[in-house]
């Protein structure tokens, strides 16, 4: 469920897809078929980024490759052409390169730009998959990248200008349109592609969803283009299986033993390897805790990969002594939590950037907070704590970066 403390004025997954419903998208398009949404207001993305703000973005942040790339027809401009000896960007050289037909690419834009950081966090919280934003500023009559497919799903947000996109079916039937995340992504000569399956012009306010494995390329004509891609890097079934096996290996010594000496060269060992391998697979298949433990490893990884959004939390610390039983608090934006029972007499609540621990009687309170998708009063915490204990714990969680107070 999407956390209710995400600002309705910011982009969440529902707004990104509007007027298409989330259910319709998941049923018909996710991992399967491209989607083009048009006809929205030209300033639909006005709060996210603009060409005017690109100068600010480039001037104020210490961008270096691979976070910034300057490309034309897949050929990258050498960084020493636009990076000064002190490591700062030479904007005048970037202007020149852009005028000469190069596309400027900023990767991981959510690290530098607050509106996109919020949008990515909203989408990531809903999907439970990692999300990264890149932006592409292309001059008229240019082509930055040649035909290729991505191993992650991509939502293209046309901010300003226009761009023509071409989509082709995969040339490798073995991919089945769902390549392994992070696997090799070849550049594909246009001569091998034939006519595109779809040719789509994106105008301001438009969105294009490109499922991973779908070959695509784009070009500008008489107009420039600024677009942002929101890339979804999914946790795949193979990740869950690997995590489950890792969890089993932590409690099953058989999986931690070394393979036989010379196993790569000893042909006689193949039969023994097959027998042991089958035994291990049977052990994994019947382990009643494999799924749950595997999910917990994925949850831990997801929490560690999430960066809390800067939201003026220092101000919360100034009001810490004002917190009392009648105070209303809420989890900070987009923070998944994980409650961990650590031994017989202790429990912890883990969230991006921190873990708060205490005695085992706090487990029910930690669980209440982790599951809360709305604001609550301090007094509503479970009665396993005294009134003073509730106030003390909430202050600790505000100080630790999980909760914040709100006023009504």
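The values are calculated or read from the model by the stated rules, or taken from the named source; none is laboratory data. Because the structure is a prediction, the values reported are computed rather than measured. Positions of Cβ are backbone-derived with ideal geometry, glycine not excepted, and every protein chain shown enters the neighbour counts.
For the subset of segment 329-342 comprising residues that are surrounded by fewer than 17 Cβ atoms within 10 Å (Cβ to Cβ) and out of contact with any helix residue (DSSP H, G or I) (no Cβ under 8 Å at 6 or more places or on another chain), which member is farthest from residue 234 (Cα to Cα)?
Step one: list which residues in segment 329-342 are surrounded by fewer than 17 Cβ atoms within 10 Å (Cβ to Cβ), which gives 338, 340-342.
If we keep only those that are out of contact with any helix residue (DSSP H, G or I) (no Cβ under 8 Å at 6 or more places or on another chain) too, we end up with 340, 342.
Numbers: 340: 24, 342: 29 Å.
Going through the qualifying residues, I end up with 342.
Just a yes or no: is a residue in segment 191-198 assigned by TED's automatic domain parsing to the domain that holds residue 110, in a strand (DSSP E or B) and within 24 Å of residue 302 (Cα to Cα)?
Looking for residues that are assigned by TED's automatic domain parsing to the domain that holds residue 110, in a strand (DSSP E or B) and within 24 Å of residue 302 (Cα to Cα), one finds none in segment 191-198, hence no.
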## Note on the structure
Of the residues in segment 302-328, those that are in a loop (DSSP other than H, G, I, E, B) and surrounded by 10 or more Cβ atoms within 10 Å (Cβ to Cβ) number 11
### Query
Quick one: which of 185, 164 is more than 19 Å from residue 33 (Cβ to Cβ), out of contact with any helix residue (DSSP H, G or I) (no Cβ under 7 Å at 6 or more places or on another chain) and at pLDDT below 90?
185
### Task
Return a yes/no flag: does segment 209-219 have any residue that is surrounded by 15 or more Cβ atoms within 10 Å (Cβ to Cβ) and farther than 24 Å from residue 171 by Cα.
no
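Do you know which of the residues in segment 166-186 that are more than 24 Å from the chain's Cα centre (by Cα) and in contact (Cβ under 8 Å) with a residue 12 or more places away in the chain is farthest from residue 120 (Cα to Cα)?
Restricting attention to segment 166-186, the residues satisfying the condition of being more than 24 Å from the chain's Cα centre (by Cα) are 166, 168-174.
From what's left, in contact (Cβ under 8 Å) with a residue 12 or more places away in the chain: 166, 168-171.
Working: 166: 25, 168: 27, 169: 28, 170: 28, 171: 31 Å.
Residue satisfying both the conditions and the ranking: 171.
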### strands (runs of 3 or more DSSP E) wholly inside segment 1-119 containing at least 3 residues that are surrounded by 18 or more Cβ atoms within 10 Å (Cβ to Cβ) and free of Cβ contacts under 8 Å to residues at least 40 places away in the same chain
68-72
### Message
Among (1) within 30 Å of residue 300 (Cβ to Cβ); (2) surrounded by fewer than 22 Cβ atoms within 10 Å (Cβ to Cβ); (3) modelled with pLDDT of 95 or more, there is one condition residue 153 misses while meeting the rest; what is its number?
### Response
(2)
### Task
Any chance you could count how many residues in segment 331-352 are touching a residue at least 24 places away in the same chain (Cβ under 8 Å) and either in a strand (DSSP E or B) or at negative phi (or both)?
12
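Can you go through 182, 144 and tell me which one is touching a strand residue (DSSP E or B) at 6+ places or on another chain (Cβ under 9 Å), surrounded by fewer than 17 Cβ atoms within 10 Å (Cβ to Cβ) and in the same structural domain as residue 46 (by TED's automatic domain parsing)?
On the way: 144 fails: surrounded by fewer than 17 Cβ atoms within 10 Å (Cβ to Cβ).
Going through 182, 144 in turn, the sole match is 182.
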### Summary
Going through (1) at pLDDT below 95; (2) over 30 Å from residue 303 (Cα atoms) one by one, residue 101 fails only at (1)
### Task
Filter segment 369-394 down to residues that are touching a strand residue (DSSP E or B) at 6+ places or on another chain (Cβ under 8 Å) and assigned to a helix (DSSP H, G or I) and give me whichever is surrounded by the fewest Cβ atoms within 10 Å (Cβ to Cβ).
370
### Message
Exactly one of these conditions fails for residue 237: (1) at pLDDT below 95; (2) surrounded by fewer than 14 Cβ atoms within 10 Å (Cβ to Cβ); (3) out of contact with any strand residue (DSSP E or B) (no Cβ under 9 Å at 6 or more places or on another chain). Give me its number.
### Response
(1)
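From the list 139, 189, exactly one residue is in contact (Cβ under 8 Å) with a residue 24 or more places away in the chain and either within 18 Å of the chain's Cα centre (by Cα) or surrounded by 20 or more Cβ atoms within 10 Å (Cβ to Cβ) (or both). Which is it? Give the derivation first.
On the way: 189 fails: either within 18 Å of the chain's Cα centre (by Cα) or surrounded by 20 or more Cβ atoms within 10 Å (Cβ to Cβ) (or both).
Result: 139 is the single residue among 139, 189 that is in contact (Cβ under 8 Å) with a residue 24 or more places away in the chain and either within 18 Å of the chain's Cα centre (by Cα) or surrounded by 20 or more Cβ atoms within 10 Å (Cβ to Cβ) (or both).
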